[in-house]
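Everything on this sheet refers to the single structure shown next.
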Ligand code: HEM
């Protein structure tokens, strides 16, 4: 009983900490906008020797990999709970008990990382008219006819879709996950509420799995050179010109339009 109360107190603290983090992020973003400041401004110093351009700072890469590693762990343990056919994954990831306990904590780490991505990247992920044209030209993208695509900024419309997909799904996963973790903490908990939470949790997770598979394919196989950018931080100038021409022009100062 005392152990249960301690557990409940921890969950209460976590929920409060997440709200505090959210409020702080919103406050900082508002202050940043008021001061006319932009994070990650495109500037000529991003051009580095040997024909390369800095694409991701160390902080961006660290946050990305915290999200990546925690997501893979969540995926493995989550699939193990989803189907008896995949329960062997839990055994491989430390056993049923360890997987059940760490799944929730890894979830908090993942949501924290996605939240930090939101703070870093949300202003650059706004949809624009170019993005609408990009979706219309998707058939050229899928057949590698990049020269027929409308020029993309730092992120193309597909990358923005992935970002927002992960962002909204992580919120749904957090809300349903905290409830499933400790339903007794919520006065209104019931069997129906549990069923709804399971449905929301599983649907949001399945949607992220679809996004994740496309992300892996694009990042590792389709856009040659992209993977190095989340490891070393840079891409070749040829890569920047081919996939993100507007971003490249902003860096070298050829574009007067604001960064998208
Ligand atoms: C664990 C395996 C992962 C790999 C191999 C991977 C790979 C990559 C690569 C290569 C890029 C750079 C793309 C570019 O700038 O052209 C990237 C960017 C990005 N990744 Fe991942 N990633 C992984 C996991 C994740 C997860 C779990 C998330 C979910 C939050 C995520 C979210 C993002 C976002 C939002 C970007 C920037 C926009 C974009 O390129 O789509 N990644 N990742």
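Taking every residue in the stretch 205-231 that is without any contact (Cβ under 8 Å) to a residue 40 or more places away in the chain and under 14 Å from residue 163 (Cβ atoms) and pairing it with any residue that is near the ligand (Cβ under 10 Å from one of its atoms) and assigned to a helix (DSSP H, G or I), at least 6 positions away or on another chain, the pairs with Cβ-Cβ distances below 6 Å are 219/226; 219/227. Test residue 215 against the stated conditions and say whether it is on the phi < 0 side of the Ramachandran plot, near the ligand (Cβ under 9 Å from one of its atoms) and at pLDDT 95 or above. Against the criterion (on the phi < 0 side of the Ramachandran plot, near the ligand (Cβ under 9 Å from one of its atoms) and at pLDDT 95 or above), residue 215 qualifies. Here residue 218 clears all of (1) over 30 Å from residue 9 (Cβ atoms); (2) surrounded by fewer than 15 Cβ atoms within 10 Å (Cβ to Cβ) except the condition numbered (2).
Going through 58, 108, 62, 31 one at a time, which residue ends up being surrounded by 14 or more Cβ atoms within 10 Å (Cβ to Cβ) and either modelled with pLDDT under 95 or within 16 Å of the ligand (Cβ to nearest atom) (or both)? Of 58, 108, 62, 31, the one residue that is surrounded by 14 or more Cβ atoms within 10 Å (Cβ to Cβ) and either modelled with pLDDT under 95 or within 16 Å of the ligand (Cβ to nearest atom) (or both) is 108. In the set (1) modelled with pLDDT under 95; (2) under 30 Å from residue 154 (Cα atoms), the condition left unmet by residue 8 is number (2). Within 16 Å of the ligand (Cβ to nearest atom), more than 27 Å from residue 136 (Cα to Cα) and under 18 Å from the mean Cα position of the chain (by Cα): is that true of residue 226 in this structure? No, not satisfied.
Within the stretch 141-177, the residues that satisfy the criterion of being more than 11 Å from the ligand (Cβ to nearest atom) and modelled with pLDDT under 95 are 141, 142, 143, 144, 145, 146, 147, 148, 149, 150, 151, 153.
The values are calculated or read from the model by the stated rules, or taken from the named source; none is laboratory data. Values in this document were obtained by computation on a predicted structure and should not be read as measured data. Methodologically, a virtual Cβ is constructed for each residue, glycine included, from the backbone with ideal geometry; neighbour enumeration extends over all protein chains shown.
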